[in-house]
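Everything on this sheet refers to the single structure shown next.
The values are calculated or read from the model by the stated rules, or taken from the named source; none is laboratory data. Computed from a predicted model, the values in this text were never measured in an experiment. Neighbour counts are summed over all protein chains in view; Cβ atoms, including those assigned to glycine, are modelled from backbone coordinates with ideal geometry.
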Ligand code: ZN
């Protein structure tokens, strides 16, 4: 008699056991709903890089007011080129309950920056100003979800 015909059954038994282990482990390790010192440490690690870009963000407004489109675009692709990666890293450290909203706001922020970039390329000052303000609003709403900025 071959053992081959029992292998699929063994596979199913192992899969069921693995599922049970994952499910039981999952319910035992609770998802934190408040910031523990360990999580805060992570948040603090990625906060300064984002704070630096938030501090520099209003430089864009000055360029828009002067219709200095070359500097608007080099600022977006230069110093703000790191924004997406830095904001994403910070968002990943937030509590599970805040993460989806933070990630949605981060995405909005990039969309407004892309539109600002496009408005600058076309020399559209009114649209550029609107997108700048929208980007800033979403940036600050994002930071409101981050304990180190509250
Ligand atoms: Zn928005």
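Structure notes:
- Of the residues 111, 70, the single one that is away from the ligand (no atom under 16 Å from the Cβ), loosely packed, with under 15 Cβ neighbours inside 10 Å and either modelled with pLDDT of 95 or more or closer than 18 Å to residue 52 by Cβ (or both) is 70.
- When the criteria are applied in full, residue 9 meets the requirement of being part of a helix (DSSP H, G or I), out of contact with any strand residue (DSSP E or B) (no Cβ under 9 Å at 6 or more places or on another chain), farther than 19 Å from residue 149 by Cα and modelled with pLDDT under 95.
- Pair list, Cβ < 7 Å and 6+ apart or interchain, from region 93-116 residues that are closer than 21 Å to residue 42 by Cα to residues that are within 13 Å of the ligand (Cβ to nearest atom): 102/142; 105/138; 105/141; 105/142; 106/142
- The lone criterion from (1) crowded, with 19+ Cβ neighbours inside 10 Å; (2) more than 15 Å from the chain's Cα centre (by Cα) left unmet by residue 118 is number (1).
- Subset of region 78-108 [exposed (fewer than 14 other Cβ atoms within 10 Å of the Cβ) and within 16 Å of the ligand (Cβ to nearest atom)]: 100
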